[in-house]
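A.B. asks: Here it is, the structure, as structure tokens.
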Amino acid sequence: MIPDANHDRAMTLDAFVDSLSKQDRPVVLIEGTREPLPAHIPVMTEFARQLARRRPRAIFRSGNAAGSDDAFASGIEAVDATRLQLVTPYVGHRRHARCAQSSTWALPGVSSAALETIAERTSGASPRYRDAVAAYRRGILPRSALVKLEYLLRDTMKVVGDTSVGLAPATVAFFYVHPKRPQAGGTGHTVRVCQLVGVPVFTQADWL
């Protein structure tokens, strides 16, 4: 588990997974870098399959990216694709990458209230994007910068959700972070969002 001031108790991975069985519909964020080590890909798929099989009431969520997201999603789909939620930066993102039974939420469909929260959490987790987020909210962000920011906002949306459209906040997050750059990119940002809002985070150092 990544050290985090928001964790006020030491909880092992096994204990936390066991606790999911006591919740009605826990939302498990399961995703990671686009560059997992090839030898780990089948292990990632099997880990996701076992989680889905052992926790039949859990909902699983990813960003529908290539690499780790695909590996994890394949494991969920092998058990029950209807419990896989995909959160995407735009409508039609990698439309043919997943089973038709999975459900998809795109950033443009969030409510204005949720977008305010998403923008605030994005700035809090990655302060260097604060000016870009402010420009996005005012509608003046250049197109050249908009695409990257939409992906970052999508990453935040995966964690905080939007209850007005049926997307609950994440309960716990399992990541495969980049082996050499664990805090880099969208995965690093998503980890920081989880830590900012108090969602427990586990990486491959815990579950592999």
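A.B. asks: Is at least one residue of the range 163-172 crowded, with 18+ Cβ neighbours inside 10 Å, without any contact (Cβ under 8 Å) to a residue 60 or more places away in the chain and not small (G, A, S)?
C.D. replies: Checked against the condition, which is being crowded, with 18+ Cβ neighbours inside 10 Å, without any contact (Cβ under 8 Å) to a residue 60 or more places away in the chain and not small (G, A, S), the range 163-172 yields no hits at all.
A.B. asks: Kindly list, by first and then second residue, each pair from a residue in the range 124-149 that is closer than 19 Å to Q183 by Cβ to a residue that is at pLDDT 90 or above and of a type in the set (K, R), limited to pairs with Cβ atoms under 7 Å and residues at least 6 apart or on different chains.
C.D. replies: Going by the 7 Å Cβ cut-off, the qualifying pairs are A125/R192; S126/R192.
A.B. asks: Residues being under 24 Å from A106 (Cβ atoms), outside any loop (DSSP other than H, G, I, E, B) and not aliphatic (A, V, I, L, M): count how many of those fall in the range 152-203.
C.D. replies: 18
A.B. asks: Identify, by number, the condition in (1) farther than 21 Å from R192 by Cα; (2) in a helix (DSSP H, G or I) that E120 doesn't meet.
C.D. replies: Going through (1) farther than 21 Å from R192 by Cα; (2) in a helix (DSSP H, G or I) one by one, E120 breaks only (1).
A.B. asks: Just to be sure, is E35 more than 27 Å from G198 (Cβ to Cβ) and without any contact (Cβ under 8 Å) to a residue 40 or more places away in the chain?
C.D. replies: Spelling it out, it is not the case that E35 is more than 27 Å from G198 (Cβ to Cβ) and without any contact (Cβ under 8 Å) to a residue 40 or more places away in the chain.
A.B. asks: Mind listing just one residue for me: the one in the range 173-204 that is buried (at least 22 other Cβ atoms within 10 Å of the Cβ) and polar (S, T, N, Q) and, of those, nearest to I41 (Cα to Cα)?
C.D. replies: T187
A.B. asks: For residues in the range 150-170 being modelled with pLDDT under 95 and polar (S, T, N, Q), which is farthest from D24 (Cα to Cα)?
C.D. replies: S164
A.B. asks: Quick one: in the range 61-78, which of the residues that are of a type in the set (A, V, I, L, M) and out of contact with any Leu (no Cβ under 9 Å at 6 or more places or on another chain) is surrounded by the fewest Cβ atoms within 10 Å (Cβ to Cβ)? Step through it out loud before you land on a result.
C.D. replies: Of the range 61-78, the ones of a type in the set (A, V, I, L, M) are 65-66, 71, 73, 76, 78.
Checking which are out of contact with any Leu (no Cβ under 9 Å at 6 or more places or on another chain) leaves us with 65-66, 71, 78.
Working: A65: 24, A66: 11, A71: 24, A78: 15.
This residue is A66.
A.B. asks: Now, a different point. Among the residues of the range 79-90 satisfying the criterion of being surrounded by fewer than 21 Cβ atoms within 10 Å (Cβ to Cβ) and not hydroxyl-bearing (S, T, Y), which is nearest to A106 (Cα to Cα)?
C.D. replies: A81
A.B. asks: Is there a residue in the range 126-135 that is in contact with a His (Cβ under 9 Å, 6 or more places away or on another chain), polar (S, T, N, Q), more than 16 Å from A65 (Cα to Cα) and outside any helix (DSSP H, G or I)?
C.D. replies: Within the range 126-135 (the criterion being in contact with a His (Cβ under 9 Å, 6 or more places away or on another chain), polar (S, T, N, Q), more than 16 Å from A65 (Cα to Cα) and outside any helix (DSSP H, G or I)), the answer is yes, since at least one residue qualifies.
The values are calculated or read from the model by the stated rules, or taken from the named source; none is laboratory data. Everything numeric here is computed off the predicted structure, so don't read it as measured data. Every residue, glycine as well, gets a Cβ built from its backbone with ideal geometry; the counts of neighbours run over all protein chains shown.
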